[in-house]
Amino acid sequence: MHTAVQRVSFRLERERSLGLVGESGCGKTTIGMALMGLLPPSAQVLSGSVLFEGEDLISASDARMREIRWSEISMIFQAAMNALNPVHRVQDQIAEAIITHEPSLSSHAVAHRTRALFELVKIPQSRLKDYPHQFSGGMRQRVIIAMALACNPSLIIADEPTTALDVIVQDQILKSIATFQKETKIGMIFISHDIAVVADVCTDIGVMYGGSLVELGRTEDVFHCPAHPYTRLLVGSLLTLSDEPADLSRVSCEIDPTATGESFVGCPFNELCADAFPACKKGEAGWIELSKSHWVRCLLARKGGGE
Amino acid sequence: MKTAAPLLVMSDVIKIYRVSESLFGKSDRSVRALDHLSITINAGEIYGLVGESGSGKTTASRLIVGLEEADSGHIRFEGQDVVGLRGKRRKAFTKNVQIIFQDPYQSLNAHLSIFETVCEPLVIHGEGDRQSRLKKVCEALSTAGLSPPEAYLGRYPHQLSGGQRQRVAIARAMVLEPRFLIADEPTSMLDTSISFQIFQLLNQLRVSFGVTMLFITHSLAAARNLCDRVGVIYRGRLVEEGTASQTIMEPHHPYTKALLDAHPHFGSSKHRRYNTLKMTERTVPSADHCPFYPRCRSAMKNVCDSSVPVFKKIGDDHHVACFLF
């Protein structure tokens, strides 16, 4: 048995967006899938609870989850090429999602909503009847976004929605995600390995390492005053467009994201952390409040300030 | 950098791909992947080629190493035309020019151990004997940051992480001690912190071995931090070229500015937006036109839609192909 995720707690308010960042294999997607109730049969939620508008999703029945999925919580998947059915027109695929969850809706109303969704994601109406292969990668990702919004959910989980896309297209998709999130006032969990992208889109950031959440807070706080050594490493390895090129000769440590063992004791980052002291191997750091909107799980923060 | 002799020169290279429209037979439709591309890379420098996917970056690298042939134009390495090289000369050329591919999950043979992978180029070029090969492989692995090298020799690609695989690919490229290295988006499949380490490694190779490099990327930030000179390519044409700081800190071409706009900017406070990208694309005129005309906000009627801009010098080493300048 392998523990993919543990010690993850966060709360997300309506109208806010939380970005989960971390290396590949750190458990980001597992969290998204657990929230959707889509974990593979080999995976099990051993403990903890997920409260969505007060209702526990872990103990909810399959039938109830099926109701909630898409109409309350929907997801934008990573590979837009694979998430659409190649033999159906995109308009029919979006309509299918609406009809499945709201069977009482007239076909006229369904068509109306599909058009409105296309407008929201800025795809011309003339392309409603096209097939997925006629769209570019960015357009397909927009269709996926439209589909995720089809049933007016109150929470959207976006799992690396721009990873396979080009810089300019990525920027456009991120803008359109940020816009609909503000306009429709829904909550969003945005999963990405790129902290710069998350900082651009989300109001809050949660940093994950080795299956645990290690830092959480408002984007400004986490990005500008990273407190956890791993967050500092992440922010430090961002290449920026500054006047002076970064010093590429400075030493950095080797990250092994698969290093999460069995249920470990101590801090998951202690082996790689330059400032680790013996207590890091034994003690589990609890959440330390650095400010009203910034928390970190690191024994160093308790020792003497976050910076 | 200016006094250095050119190591690689591409002049007026054109590459056309014919597209088959239907399942059967070929149509006349064709795509110009490279359109009069001219690039000069000087010995000892890292040249960054930046552009979006489909702009022809990878095609350029494939033409240089001879995986494909250009339809017209010249590619010269150390003054010698590389097109049509055969026999001994071709072998000498491939020894000096190595390539690192984008995806380390696909570029390594799953059936070969790390030793076999890195040793293969030595075997092909008939370098050394068993003993000296083992020594060279170990050296290459340590150079690429895999230490102790002995621990990796017997392993297979599936036992390594993405970053480690890319290091193996780098070791394989470096084992022949090439003079010229092409790195084709070497970090696009890797996590941020791992990418940073790969950039460090490439920089290290230049410092310690004096390798000249063509670094292909879609990230201006990567180019800014690693490269000496940067060329921006759009639809197979070079639209702007200059030192990394000229091209990125004082961009001129609207497309370079659009790329800069698209870069996540949360970290940098001094960020300014150029807004050069048109939201809805113009229809493409039938006549010759600037490749960026359909998407350019500041395109001029009867100028940009009727002829192709030439490469103009606008400063020391700084060139741009745009009618606005």
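Since every read-out is calculated from the coordinates, none of them should be taken as a lab result. Predicted, not measured: the structure shown is a model, and the values here were computed from it. Virtual Cβ from ideal backbone geometry, glycine too; neighbours counted across all protein chains shown.
Summary table below
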{"quantity": "Of residues in the stretch B:170-200 being in contact with a Gly (Cβ under 7 Å, 6 or more places away or on another chain) and at the interface with chain A (Cβ under 9 Å from one of its Cβ atoms), the one nearest to B:Thr58 (Cα to Cα)", "calculated": "B:Leu190"}
{"quantity": "Residue list for the stretch B:90-110, filter: of a type in the set (Asp, Glu) and free of Cβ contacts under 8 Å to residues at least 40 places away in the same chain", "calculated": "none"}
{"quantity": "Some residue of the stretch A:26-39 being crowded, with 16+ Cβ neighbours inside 10 Å and more than 30 Å from B:Ser195 (Cβ to Cβ)", "calculated": "yes"}
{"quantity": "Within the stretch B:122-193, helices (runs of 4 or more DSSP H) holding 3 or more residues that are over 25 Å from the mean Cα position of the chain (by Cα)", "calculated": "B:130-143, B:150-153"}
{"quantity": "Flag if B:Leu153 is buried (at least 21 other Cβ atoms within 10 Å of the Cβ) and more than 21 Å from A:Gly22 (Cα to Cα)", "calculated": "no"}
{"quantity": "Failed condition for B:Thr256, given (1) in contact with a Ser or Thr (Cβ under 8 Å, 6 or more places away or on another chain); (2) of a type outside the set (A, V, I, L, M); (3) outside any helix (DSSP H, G or I); (4) within 14 Å of chain A (Cβ to nearest Cβ)", "calculated": "(3)"}
{"quantity": "Filter result for the condition that a residue is more than 8 Å from every other protein chain (Cβ to nearest Cβ), part of a loop (DSSP other than H, G, I, E, B) and in contact with an Asp or Glu (Cβ under 8 Å, 6 or more places away or on another chain), over B:His289, B:His265", "calculated": "B:His289"}
{"quantity": "Top-ranked residue of the stretch A:232-248 - restricted to ones that are more than 7 Å from every other protein chain (Cβ to nearest Cβ) and not acidic (Asp, Glu), ranked as surrounded by the most Cβ atoms within 10 Å (Cβ to Cβ)", "calculated": "A:Val235"}
{"quantity": "Enumeration of residues in the stretch A:123-137 that are assigned to a helix (DSSP H, G or I) and buried (at least 19 other Cβ atoms within 10 Å of the Cβ)", "calculated": "A:Pro132"}
{"quantity": "Leading residue by the ranking (nearest to A:Gly25 (Cα to Cα)) among those in the stretch A:168-198 that are more than 14 Å from every other protein chain (Cβ to nearest Cβ) and aliphatic (A, V, I, L, M)", "calculated": "A:Ile189"}
{"quantity": "Top-ranked residue in the stretch A:130-167 [being of a type in the set (A, V, I, L, M) and within 14 Å of chain B (Cβ to nearest Cβ); ranked as farthest from B:Ala262 (Cα to Cα)]", "calculated": "A:Met139"}
{"quantity": "Boolean, B:Gln102 is in contact with a strand residue (DSSP E or B) (Cβ under 8 Å, 6 or more places away or on another chain), within 14 Å of chain A (Cβ to nearest Cβ) and closer than 27 Å to A:Ala196 by Cβ", "calculated": "yes"}
{"quantity": "Residue in the stretch B:85-98 that is assigned to a strand (DSSP E or B) and buried (at least 16 other Cβ atoms within 10 Å of the Cβ) present", "calculated": "yes"}
